[in-house]
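J.: Encoded as structure tokens, here's the structure I'll be asking about.
The values are calculated or read from the model by the stated rules, or taken from the named source; none is laboratory data. Fair warning: this is a prediction, and the values are worked out from it, not measured in the lab. Methodologically, a virtual Cβ is constructed for each residue, glycine included, from the backbone with ideal geometry; neighbour enumeration extends over all protein chains shown.
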Amino acid sequence: MTNQNNWQDKVAIVTGGSSGIGLATTKALIEQGAKVLITGRNEDKLNETAASVDGIVTLKIDSADPDSGKRITEMALEKFQHIDLIVNNSGAGQPMPMAAYDADVINNMSAVNIIAPSILIKEAKTELSKSKGAIVNIGTAVSRNAVPMIAHYAATKAALEHLTKSWAIELASDGIRVNAISPGPVKSGALTGMMGLPEEMAQQIEEQEAKQVPLGRRGLTSDIVPWILRLGHTENEWLTGQVLTIDGGWSLRD
């Protein structure tokens, strides 16, 4: 049996890799011998990550840009010559009551959460077929229930989870596996970062969510990352089209 902790000389792309789950995944891959290209919009965070962890290549890019998939793929091949894993981790979300619905905001969420991963795997398909590689999409357990105020975030992530299953069938003949992880409430900085909430409000939501989790706490990135690596590893060559919810039972609550 091979060692799933061995990623020696494998090449991974992690979008949104400078913070939260993306950063934790990147560090784990590097520690296990992989070479990683991370993307993000914040140049300071990218530089900070590159300075603190050897073996990382960074690309400042907005996943909402129509040409992001092409540019990311070209950069990975220029630096590393092949691609073994893509982790579609970038996400966009914003609390919006119906009275505040805004077409530009909704379009941006759709661009980042649906279009960007679609175009990235289209551009990388040839290389992934050569390596018999894998794709791991990051969804959200929020999409399991009705969620007023963040309905479009949940809806676009639910779309990504549906695409995961469709891509798994479409890419199976190329030997490419496609799975998804849907985390519950995780301490990742998403509330103050991606969602743009004030620190005090984010703290209140975190405390409320922790009380709702049957296993008694919010998740940590360390609860999520090992599963991303398992789903992405070549050892799991007969596992595809699955959406794994990791949330301490949170989405099962009434």
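J.: How many residues, within the stretch 69-78, are within 19 Å of Leu23 (Cβ to Cβ) and either without any contact (Cβ under 8 Å) to a residue 60 or more places away in the chain or in contact with a Gly (Cβ under 7 Å, 6 or more places away or on another chain) (or both)?
T.: Residues meeting the conditions: 2.
J.: Scan the stretch 32-54 residue by residue and report those that are among the hydroxyl-bearing types (Ser, Thr, Tyr) and free of Cβ contacts under 8 Å to residues at least 12 places away in the same chain. If you could, list the steps in order and put the result at the bottom.
T.: Narrowing the stretch 32-54 to residues among the hydroxyl-bearing types (Ser, Thr, Tyr): 39, 49, 52.
Within the stretch 32-54, just Ser52 meets the criteria.
J.: Something else now. If I go through the stretch 36-61 residue by residue, how many of them are within 17 Å of the chain's Cα centre (by Cα) and farther than 19 Å from Ile21 by Cβ?
T.: Summing the residues that are within 17 Å of the chain's Cα centre (by Cα) and farther than 19 Å from Ile21 by Cβ in the stretch 36-61 gives 1.
J.: Please count how many residues of the stretch 133-161 are within 16 Å of the chain's Cα centre (by Cα) and either part of a helix (DSSP H, G or I) or under 20 Å from Glu74 (Cβ atoms) (or both).
T.: Count: 13.
J.: Going through the stretch 160-174 one residue at a time, which ones are touching a Gly at 6+ places or on another chain (Cβ under 9 Å), surrounded by fewer than 18 Cβ atoms within 10 Å (Cβ to Cβ) and not hydroxyl-bearing (Ser, Thr, Tyr)?
T.: Passing the criteria: Lys165, Ile169, Ala172.
J.: May I ask you to say which residue of Lys165, Lys130, Lys79 is within 19 Å of the chain's Cα centre (by Cα), assigned to a helix (DSSP H, G or I) and of a type in the set (Lys, Arg)? Lay out the reasoning, then the answer.
T.: Working: Lys130 fails: within 19 Å of the chain's Cα centre (by Cα); Lys79 fails: within 19 Å of the chain's Cα centre (by Cα).
Only one candidate qualifies: Lys165.
Rundown of residues vs (1) assigned to a loop (DSSP other than H, G, I, E, B); (2) modelled with pLDDT of 95 or more; (3) surrounded by 19 or more Cβ atoms within 10 Å (Cβ to Cβ); (4) on the phi > 0 side of the Ramachandran plot, yes/no style:
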residue: Gly193; (1), (2), (3), (4): yes, no, no, no
residue: Leu197; (1), (2), (3), (4): yes, no, no, no
residue: Met201; (1), (2), (3), (4): no, no, no, no
residue: Glu206; (1), (2), (3), (4): no, no, no, no
residue: Lys211; (1), (2), (3), (4): no, no, no, no
residue: Pro226; (1), (2), (3), (4): no, yes, no, no
residue: Asp254; (1), (2), (3), (4): yes, no, no, no
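J.: If you scan the stretch 146-191, which residues turn out to be modelled with pLDDT of 95 or more, over 19 Å from Asn108 (Cβ atoms) and among the hydrophobic types (A, V, I, L, M, F, W, C)?
T.: Trp167, Ala168, Ile169, Leu171, Ala172, Ile176, Val178, Ala180, Ile181
J.: May I ask you to verify whether Gly55 is in contact with a Lys or Arg (Cβ under 9 Å, 6 or more places away or on another chain) and surrounded by 22 or more Cβ atoms within 10 Å (Cβ to Cβ)?
T.: No.
J.: Please pick out the residue among Gly40, Gly93, Gly17 that is buried (at least 19 other Cβ atoms within 10 Å of the Cβ), under 26 Å from Ala146 (Cβ atoms) and of a type outside the set (Asp, Glu). Before you say what the answer is, go through the steps one by one.
T.: Numbers: Gly40 fails: under 26 Å from Ala146 (Cβ atoms); Gly17 fails: under 26 Å from Ala146 (Cβ atoms).
Testing whether each residue is buried (at least 19 other Cβ atoms within 10 Å of the Cβ), under 26 Å from Ala146 (Cβ atoms) and of a type outside the set (Asp, Glu) leaves just Gly93.
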